[in-house]
1. Which one is surrounded by the fewest Cβ atoms within 10 Å (Cβ to Cβ), of the residues in the stretch 173-194 that are under 17 Å from residue 148 (Cα atoms), within 10 Å of ligand 1 (Cβ to nearest atom) and in contact (Cβ under 8 Å) with a residue 60 or more places away in the chain?
2. I need a count of the residues in the stretch 253-281 that are open to solvent by 20 Å² or more (accessible area, probe 1.4 Å) and more than 15 Å from residue 359 (Cβ to Cβ).
3. Of (1) in contact (Cβ under 8 Å) with a residue 60 or more places away in the chain; (2) in a helix (DSSP H, G or I); (3) surrounded by 18 or more Cβ atoms within 10 Å (Cβ to Cβ), residue 169 satisfies all except one. Which?
4. State all residues of the stretch 217-248 that are in contact (Cβ under 8 Å) with a residue 40 or more places away in the chain, closer than 29 Å to residue 189 by Cβ and more than 11 Å from ligand 1 (Cβ to nearest atom); if no residue qualifies, say none.
5. May I ask you to verify whether residue 31 is modelled with pLDDT of 95 or more, within 16 Å of ligand 2 (Cβ to nearest atom) and open to solvent by 20 Å² or more (accessible area, probe 1.4 Å)?
6. Give the residue, chosen from 212, 172, 195, that is within 14 Å of ligand 2 (Cβ to nearest atom) and not small (Gly, Ala, Ser).
7. Consider residue 168 carefully, then state whether it is over 25 Å from residue 222 (Cα atoms) and at pLDDT 95 or above.
8. When only residues in the stretch 73-103 that are open to solvent by less than 60 Å² (accessible area, probe 1.4 Å) and part of a loop (DSSP other than H, G, I, E, B) count, which is farthest from residue 59 (Cα to Cα)?
Amino acid sequence: MDLMTDAGEDLVDAAELITEDELRLAARNHGMPLEALRYPITPVGLHYLLIHYDIPEVDEASFTLTIAGRVRRPTTLTLADLQTRPAAVAAVTMECAGNGRAHLKPRPISQPWLLGATGTAEWTGTPLRSLLEEAGLLDDAVEVVFTGLDHGVEKGVEQDYQRGLPLAEAMRTETLLAYAMNGQPLLPQHGFPLRLVVPGWYGMTNVKWLTRITVVAQPFAGYQQVRGYHLRTDDDDPGTPVTRMMPRALMVAPGIPDFLTRRRFVRPGSHRLRGRAWSGWAPIRAVDVSVDGGRTWAAGQLEAQPSGFAWCGWSCSWTASPGDHELCCRAIDESGRQQPLDIPWNVGGYANNAVQRIHVTVTDQPGDVLEPAV
Ligand SMILES: Nc1nc2c(c(=O)[nH]1)N[C@H]1C(S)=C(S)[C@@H](COP(=O)(O)O)O[C@H]1N2
Ligand SMILES: [Mo]
């Protein structure tokens, strides 16, 4: 294939062009390369990353977490205080609510995720519940607001990164204040020294660089709560809040990629298609696989799900015949939620869990073979 022709063809449809703003965000916030779906626990450096503003400067020695608001005994804890409390370890799959955004047409301008905004880590931390119980919730408490040390401006609103969580979610036994990821202290980009982990919810809930927990008597009305993270049909639509992760199955693309286009070449014969699937609503019930662009489906084989909130491995055999094929996979969870082939567009480009489509060319001869000069 000819590079000039490719670039020229891309230029024809100007609506497809990525903007410099999007490129800047994409270069800061990387996705997980999908071949890393091979690991049940994503190596830290391959886990996706999403940082709204800058990674804040944190002084470990003077870092504190304050618990205040509608509690009887407001408290301030050091990292050592938190680390000497009972610890819990949990494998949790996380996904950015914007995963799949760049596949929407027209493309909402924001972090231009394809499908890599996901990863599974083994988080170590202390359960939030017992801290809130010790602080003593007052009767009028309805939500808990989590504040990070990072600060920036979004659509003209200067803010700390903050999210609220209904009290019942904050009190779930699985909700953790995590200080380690895959057994090592959090890296700066993943929220060092402390972050919230709320299994099942989309990424934005898991506040990094967590320094303040405020129990409130009114629903939180901060930017990330009421303006960001809503499914809206247009700018005037109040929309519905984005909460838990919708079901999604992803596949490791088989064969070998072309460098520039990443189109896949697969040798004819028997293959085992593999991937992982998750949902924030319920365990995965089934993963269906299609090798004809979604016209017909076969049931994939599920591996045991390692924990209630971590993705589940799946595989399916495929006898590849020469020619072009479109491979798809689709997850269904125990709540009956199933991935759609197409999804209604929304302004923010959130929760696009339409099925993944991988175009492959099955051939014995993906290209010319260059022999090294002797
Ligand atoms: N303080 C703070 N917390 C944050 C964010 C942020 O920008 N600041 N980004 C959120 C979003 S949108 C996502 S998807 C996850 C990403 O977590 P990761 O970078 O560790 O994968 O963190 C969330 N927590
Ligand atoms: Mo996100």
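1. 187
2. Keep residues of the stretch 253-281 that are open to solvent by 20 Å² or more (accessible area, probe 1.4 Å), which gives 253, 255-265, 267-272, 274, 276, 281.
From what's left, more than 15 Å from residue 359 (Cβ to Cβ): 259, 267-272, 274, 276, 281.
Matching residues across the stretch 253-281 total 10.
3. For residue 169, the failing item is (1).
4. Correct list: 220, 222, 223, 225, 227, 230, 231, 243, 244, 246, 247, 248.
5. Values: modelled with pLDDT of 95 or more: yes; within 16 Å of ligand 2 (Cβ to nearest atom): yes; open to solvent by 20 Å² or more (accessible area, probe 1.4 Å): yes.
Yes.
6. Details: 212 fails: within 14 Å of ligand 2 (Cβ to nearest atom); 172 fails: within 14 Å of ligand 2 (Cβ to nearest atom).
Only one candidate passes the filter, namely 195.
7. No: the conditions fail for residue 168.
8. Filtering the stretch 73-103 for residues that are open to solvent by less than 60 Å² (accessible area, probe 1.4 Å) and part of a loop (DSSP other than H, G, I, E, B), the one farthest from residue 59 (Cα to Cα) comes out as 100.
The values are calculated or read from the model by the stated rules, or taken from the named source; none is laboratory data. Please read these numbers as outputs of a predicted model, since none were measured by experiment. Counting neighbours? That spans all protein chains shown, and the Cβs are built from the backbone with ideal geometry, glycine included. SASA here: full protein model, heavy atoms, side chains in, ligands and nucleic acids out. Shrake-Rupley method; radii C 1.70, N 1.55, O 1.52, S 1.80 Å.
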